[in-house]
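Structure record follows, encoded as structure tokens.
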Amino acid sequence: MPKEPETEYDPSLGRKFIFVTGGVMSGLGKGITAASTGRLLSNAGFDVTAVKIDPYLNVDAGTMNPYQHGEVYVLKDGGEVDLDLGNYERFLGEDMTSDHNVTTGKSYQHVIEKERSGDYLGETVQIIPHITDDIKRRIREAAAGTDVCIVEVGGTVGDIEGMPYLEALRQFAHEEASDDILFTHVTLVPYSKNGEQKTKPTQHSVKELRSIGLQPDVLVGRCSDELELATKEKIALFCDVPTTAVFSNPDVDDIYHVPLVVQEEGLDQHVMEQLDLDEEAIKPTERNNTWRELVTRERTSSADIALVGKYDLEDAYMSVHEALKHAGIETQTEVTVQWVDSDEMLDHHEDRLREADGVVVPGGFGSRGIAGKLKAIEYCREHNVPFLGLCLGFQMAVVEHAKNVLGFTEAHSAELQPETPHPVIDILPEQYDVETMGGTMRLGAHETNIAPNTLAATVYDGTVCTERHRHRYEVNPEYIDELEAGALSFSGQANNRMEILERCDHPFFLGTQFHPEFRSRPDRASPPFVSFLKSLDSTLDARSLTVSTSEEVQIWWSRYLNLLMRLLQKLMRLLVRIMLSLRFLAVLIHQYQPHSHTGRLATSSRPSTLIQG
């Protein structure tokens, strides 16, 4: 196919493409399904990359509320993107760039800018072909130099904002060889009240997809349990795919187990056969099993970590949760994260933190919950509780030190209290003249120089580290001499920017201006998180010096109750599954039991079609 100048792409870029769409409802886990597929293909020896399509009009995710889309994930080049890109990096072990995130805002902005500059030479600029061509170009460029590119289309089939992308994929399939394209559709298979797996939502979702001109090659059913054979056969019959192309993706306790589950279903082998890659793949007996070994590693200890934040949503701090999990894998620690609402810390902060083995104060923006975070940091400093502060948590550790140690009671961040007489956190002088909000953000990977013979040097096992940033304000250079006059010191710097702080009067007190959680991987845990978990046991003796005997009893009693509650929750989930199975068995018995008054089998009566929401 000849290169078309107006589309700006070279059709020879990339090799195989897997397009992943979702049906019925959002939040099904199609991103984890796509990432798991990529992990398995990578284990088979292929170079895999991923593209996330977000149909919203925002150019990027930088200004989005975490309540709507979860955390804003930062890439090495400074791109602010959807959290699914974080899952791709963690599962594939590859660093992505902004090019791997396609948004409606990006495409429309680019096309409109070209139209304004006269690049279309008087053409009528339309969704087709100009927007769809731009979408295809972006996908092909992101796939350059890889064996397989997995493209996840955000949202749900049928959403009006997603229509241009599905049309672009239809054209894409028309332009490529049939064995270079695979369409995977992830859909919901709920249970009815009588315990039957219902296929009607999947049927309607696939019908919607086919009306656009796309026929799925693979169907993945999301359900609390594995799909029954009868369910797979019914889906295959009504959705026009082989039964062997219908796969289960049941609920699991840990998302890192999903690749193991879908591998047992044979998803990876089927995908490779459809893409004509099975002959090039590494033999199953010779494939890399590191992932399986890591995610199934035995845990020999446990830790309860208090995460002090203002968002009652795990997705808002997803990378922090995952980094703690990765550190747990490396240290063989079962980590339980307890969210602590920083808005309610002022009255109950000691009760909430007393049972925690360590405290993490993550990043964020805005003044809500700041007073609670300061109280949490003060508690950690005074009671020798292991502390890890990230970005805003780092800045608030500086503010807490200035307020409670140095006596600058009105000290604060100029971002949160512009009128503070002691702006220990402020915009650097060279940034004063920058007016646009994005212009003052420090984004992406930057190098930090670490002072030797410090906690930070031990953490990173060296004097240099490279981590990702997302912040606008910095430690004010005018206050550094006063801030470092006591036990606090800045052990990591980048020119005149303070990057890492620690305390010499504390067993483990570390703050980073950067976000180390964004570079953490299951097979490469973040050094600050690993050191944080390793410090928990060694700090128990130091903590005991500040805790009375009665308080110790209360701490251990709280931990015992915590463990008991977790065990009861697991038992309840198991009982629910058993009850569903028994109910389904009862329905089967009832359906096949002869009815004496009719002489016909019960299977002639239609079961309830009511689907639980």
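The values are calculated or read from the model by the stated rules, or taken from the named source; none is laboratory data. Model, not experiment: these values are computed from the prediction. Note that we place each Cβ from the backbone using ideal geometry, even for glycine, and neighbour counts take in every protein chain shown. The accessibility values were calculated without ligands, DNA or RNA, using every heavy atom of the protein model including side chains. Shrake-Rupley method; radii C 1.70, N 1.55, O 1.52, S 1.80 Å.
Here is how the numbers come out for the structure above:
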quantity	calculated
Given (1) open to solvent by less than 70 Å² (accessible area, probe 1.4 Å); (2) part of a helix (DSSP H, G or I), index of the condition ASP304 fails	(2)
Total residues in the range 327-369, condition farther than 18 Å from PRO527 by Cβ, part of a helix (DSSP H, G or I) and open to solvent by less than 10 Å² (accessible area, probe 1.4 Å)	3
Residue identified as basic (Lys, Arg) and under 21 Å from ASP77 (Cβ atoms) among ARG519, ARG503	ARG519
Those residues of the range 463-477 which are closer than 14 Å to ALA451 by Cα and crowded, with 20+ Cβ neighbours inside 10 Å, in sequence order	CYS465
Every residue from the range 128-141 that is open to solvent by 10 Å² or more (accessible area, probe 1.4 Å) and under 23 Å from THR33 (Cβ atoms)	ARG138
Qualifying residues in the range 44-71 (those that are among the charged types (D, E, K, R) and touching a strand residue (DSSP E or B) at 6+ places or on another chain (Cβ under 7 Å)) - the one most open to solvent (accessible area, probe 1.4 Å)	ASP60
Among residues of the range 88-127, those that are open to solvent by less than 90 Å² (accessible area, probe 1.4 Å), farther than 12 Å from THR49 by Cβ and among the aliphatic types (A, V, I, L, M), counted	4
Qualifying residue in the range 316-326 (condition: part of a helix (DSSP H, G or I), of a type in the set (Ser, Thr, Tyr) and surrounded by 23 or more Cβ atoms within 10 Å (Cβ to Cβ))	yes
Sole exception among (1) in contact with a helix residue (DSSP H, G or I) (Cβ under 7 Å, 6 or more places away or on another chain); (2) farther than 30 Å from ALA168 by Cα; (3) surrounded by fewer than 19 Cβ atoms within 10 Å (Cβ to Cβ) for GLN197, by number	(3)
Condition met for PHE91 (under 30 Å from LEU214 (Cα atoms), among the aromatic types (Phe, Trp, Tyr), part of a loop (DSSP other than H, G, I, E, B) and touching a Lys or Arg at 6+ places or on another chain (Cβ under 9 Å))	no
In the range 489-537, the residues that are β-branched (Val, Ile, Thr) and not in a helix (DSSP H, G or I)	ILE500, THR512
Some residue of the range 397-405 being in contact (Cβ under 8 Å) with a residue 12 or more places away in the chain, surrounded by fewer than 24 Cβ atoms within 10 Å (Cβ to Cβ), in a loop (DSSP other than H, G, I, E, B) and not aromatic (Phe, Trp, Tyr)	yes
Filter pass, VAL206 being farther than 19 Å from PHE17 by Cβ, among the aliphatic types (A, V, I, L, M), touching a His at 6+ places or on another chain (Cβ under 8 Å) and open to solvent by less than 40 Å² (accessible area, probe 1.4 Å)	yes
Exclusive hit being at pLDDT 95 or above, small (Gly, Ala, Ser) and within 25 Å of TYR73 (Cα to Cα), set GLY366, GLY393, GLY372	GLY393
Cβ-Cβ under 6 Å pairs, at least 6 apart or on other chains, the range 455-478 side in a loop (DSSP other than H, G, I, E, B), far side of a type in the set (D, E, K, R) and open to solvent by 40 Å² or more (accessible area, probe 1.4 Å)	TYR473/GLU415
Residue among TYR379, TYR311 that alone is assigned to a helix (DSSP H, G or I) and among the hydroxyl-bearing types (Ser, Thr, Tyr)	TYR379
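Okay, residues lined up against (1) open to solvent by 20 Å² or more (accessible area, probe 1.4 Å); (2) assigned to a helix (DSSP H, G or I); (3) hydroxyl-bearing (Ser, Thr, Tyr); (4) closer than 26 Å to CYS149 by Cα:
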| residue | (1), (2), (3), (4) |
| --- | --- |
| PRO164 | yes, yes, no, yes |
| THR184 | no, no, yes, yes |
| ARG210 | yes, yes, no, yes |
| GLN215 | yes, no, no, yes |
| LEU227 | no, no, no, no |
